[in-house]
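The values are calculated or read from the model by the stated rules, or taken from the named source; none is laboratory data. Keep in mind that what you see is a predicted model, and the values were worked out from it rather than measured. For neighbour counting, all protein chains shown are included, and Cβ atoms are generated from backbone atoms with ideal geometry for every residue, glycine included. Keep in mind that these areas ignore ligands, DNA and RNA; they rest on the heavy atoms of the full protein, side chains included. Shrake-Rupley method; radii C 1.70, N 1.55, O 1.52, S 1.80 Å.
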Amino acid sequence: MILIRLIVGAVFLSEGIQKLLFPADLGVGRFVKIGIPAPQVTAPFVGVVEIVCGGLIMLGLLTRFVAIPLTIDISVAILSTKIPIRLGHGFWRFTVGKLPTYGFWSAAHEARVDYAMLLGSIFLLIVGAGTWSIDARLSSKAIPRDS
């Protein structure tokens, strides 16, 4: 459990930091290219959500609760970036960047981390943080013990 929490949390934390450090390529600029609405607001907001929730996942604090926004976050990422790659053209309001190839295999390659993050987030939502977590510590203190 701790390994899943650490990798899921670390990837989201890293991606959130990069959205703020490199806004032209990974933050506002990328959101503009993709077609995300209000990119000047949504990109920094998503970056902060990824930083805060990723850190909390790594600590095992409020794990099930913070897995919800991260599941939504990565689902939007797949919808807005990987579906257009699969189709080979824009989808709904989202555009697709220039790639050497499009279609199933290109989308599968581009989405490999996204799928892992989606399934990892859903796993943590269902199962929780595990024994080595702040959540477990807090819940064990809430359970009355026999004297």
Note to self: How many angstrom lie between the Cα centre of region 60-125 and the Cα centre of region 1-48?
What the structure shows: 12
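Please quote Rg/Rh for region 91-140 to two decimal places, taking the Kirkwood radius as Rh and restricting both calculations to Cα atoms.
Numbers: Rg = 17.8 Å, Rh = 14.0 Å.
Dividing the radius of gyration by the Kirkwood radius yields 1.27.
Ignoring ligands, DNA and RNA, what accessible area per residue does the chain give at 1.4 Å, in Å²?
Details: 8870 Å² over 147 residues.
I get 60 Å² per residue for the chain.
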Check: What FRET efficiency do you get for residue 98 and residue 131 if R0 is 35 Å and r is their Cβ-Cβ distance, rounded to the nearest 0.05?
Finding: 0.15
Check: Around residue 110, with a cut-off of 11 angstrom between Cβ atoms, what is the net charge of the other residues, counting Lys and Arg +1 and Asp and Glu -1?
Finding: +2
Margin query: Output the 0 to 90 degree angle, nearest 10, between the alpha-carbon long axis of helix 63-77 and the longest principal axis computed from the alpha carbons of the chain.
Written below: 10
Next item on the list: Would you please give the FRET efficiency between residue 62 and residue 40, computed as 1/(1 + (r/R0)^6) with r the Cβ-Cβ distance and R0 = 35 Å, to the nearest 0.05?
Entry: 0.80
Check: Which longest run of the chain has no exposed loop site in it, a site being chymotrypsin sites (Phe, Trp or Tyr not before Pro) in a DSSP loop with at most 14 other beta carbons within 10 Å, and the site itself not part of the run?
Finding: 1-91
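Mean residue ellipticity at 222 nm from the helices of the chain, using -39,500 (n - 2.57) per DSSP H segment of n ≥ 4 over the full residue count, to the nearest 500 deg cm²/dmol?
Numbers: 9 runs with 104 residues, N = 147.
Mean residue ellipticity, 222 nm, calculated: -21500 deg cm²/dmol.
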Margin query: If I stretch the segment between residue 139 and residue 14 completely, what's the gain in nm (0.36 nm per residue apart, minus their alpha carbon distance), one decimal?
Written below: 42.1 nm
Margin query: Quick check on region 44-100: what does the Kirkwood estimate of hydrodynamic radius come out to from the alpha carbon pairs, in Å?
Written below: 12.7
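Averaging over all projection directions, find the projected area of the Cα convex hull of region 1-108 and quote it in nm² with one decimal place. All intermediate terms of the calculation are to be shown ahead of the outcome.
On the way: hull surface 28.4 nm².
Convex hull of Cα atoms, orientation-averaged projection: 7.1 nm².
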